[in-house]
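Visitor: Dropping a structure here in structure tokens format, bear with me for questions.
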Amino acid sequence: MIAFADGLPLIALEDGQNVAFQREWLLRALVQAAARAGFQKWWLAEHVAESVSAYLALQYEENVITVAQLHEAACSVLQVIGYAEVAPHLELGVPGVRLSLVELAREAGTGYELLFFARLGRRLRTLLNGGATYFELVGLAPCVKHLRARKSWSRGCNDLQEEIVTFVRKQTVAVPTGEEVTVRLQ
């Protein structure tokens with residue numbers, strides 16, 4: 001049997017991929033479910049996410065858990081603490097996606113901004129069509145410097161950075177599922 005460093009099983013997605021358990025993903029889903037059930041700024045979401053994480057780390061014996069099994073575990077905790085009305089609103093969806101803008105820029109090559117935008121757009125559309133609704137796009141400043149072939153920040157870097165932000169916003173507005181999309185740019 002393989003033991004994972006954090007003691008948590010992998011999450012088996014419907015597309016066959018296994019990804020690391022993300023407590024923040026579960027927490028976001030619980031907060032959204034509580035809001036749909038009428039509990040704005042629900043303080044217990046943190047505790048429910050911690051309870052499910054502890055169960056997975058200490059009592060769940062398998063190395064992989066399906067999204068359906070994770071959903072069932074979270075709903076069970078909700079019922080035990082007396083908030084069963086939140087459970088029907090719980091939608092786990094797809095875990096958050098972390099995308100390196102620097103890697104995309106390196107793949108495109110220095111100065112090939114059009115190729116970078118094409119790759120970024122294609123990647124975002126693929127992820128959105130796959131059901132992803134939470135993105136962390138990391139490495140914005142180094143990406144811009146790479147594309148502009150600059151060691152230090154310039155006015156042109158500001159312009160390109162704004163172009164990238166605008167491009168990402170436009171790509172994520174037209175979501176096929178109509179779901180709300182959250183993007184963090186770092």
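The values are calculated or read from the model by the stated rules, or taken from the named source; none is laboratory data. Owing to the predicted nature of the structure, the values given are computational and were not obtained by experimental measurement. Please note: Cβ atoms are built from the backbone with ideal geometry, for glycine as well, and neighbour counts cover all protein chains shown. Accessible surface areas use protein heavy atoms only, side chains included; no ligands, DNA or RNA. Shrake-Rupley method; radii C 1.70, N 1.55, O 1.52, S 1.80 Å.
Visitor: Yes or no: ARG148 touching a Leu at 6+ places or on another chain (Cβ under 9 Å), of a type in the set (Lys, Arg) and crowded, with 18+ Cβ neighbours inside 10 Å?
Guide: Judged against the criteria, ARG148 is a match.
Visitor: If I filter segment 12-24 for residues that are modelled with pLDDT of 90 or more, touching a helix residue (DSSP H, G or I) at 6+ places or on another chain (Cβ under 6 Å) and either within 30 Å of ARG119 (Cα to Cα) or surrounded by 15 or more Cβ atoms within 10 Å (Cβ to Cβ) (or both), do I get at least one hit?
Guide: No, segment 12-24 contains no residue that is modelled with pLDDT of 90 or more, touching a helix residue (DSSP H, G or I) at 6+ places or on another chain (Cβ under 6 Å) and either within 30 Å of ARG119 (Cα to Cα) or surrounded by 15 or more Cβ atoms within 10 Å (Cβ to Cβ) (or both).
Visitor: Of all residues in segment 118-133 being open to solvent by less than 30 Å² (accessible area, probe 1.4 Å) and closer than 21 Å to THR166 by Cα, which is modelled with the lowest pLDDT?
Guide: Once the filter is applied, the top-ranked residue is ALA132.
Visitor: Going residue by residue through segment 97-111, is there one that turns out to be surrounded by 15 or more Cβ atoms within 10 Å (Cβ to Cβ), modelled with pLDDT under 90 and within 26 Å of GLY7 (Cβ to Cβ)?
Guide: yes
Visitor: On to the next question. So which residues in segment 81-95 are open to solvent by 20 Å² or more (accessible area, probe 1.4 Å) and outside any helix (DSSP H, G or I)?
Guide: ILE81, GLY82, TYR83, GLU91, GLY93, VAL94
Visitor: May I ask you to verify whether GLY121 is free of Cβ contacts under 8 Å to residues at least 60 places away in the same chain and at positive phi?
Guide: Spelling it out, it is not the case that GLY121 is free of Cβ contacts under 8 Å to residues at least 60 places away in the same chain and at positive phi.
Visitor: Sort through GLU14, GLU61, GLU24, GLU46 and tell me the only one that's in a loop (DSSP other than H, G, I, E, B) and within 22 Å of GLU136 (Cα to Cα).
Guide: Sole residue among the options that is in a loop (DSSP other than H, G, I, E, B) and within 22 Å of GLU136 (Cα to Cα): GLU14.
Visitor: Among the residues of segment 72-81, is there at least one that is at pLDDT 90 or above and under 26 Å from LEU185 (Cα atoms)?
Guide: no
Visitor: For segment 44-81, which residues satisfy the criterion of being under 22 Å from the mean Cα position of the chain (by Cα) and among the charged types (D, E, K, R)?
Guide: GLU46, GLU50, GLU72
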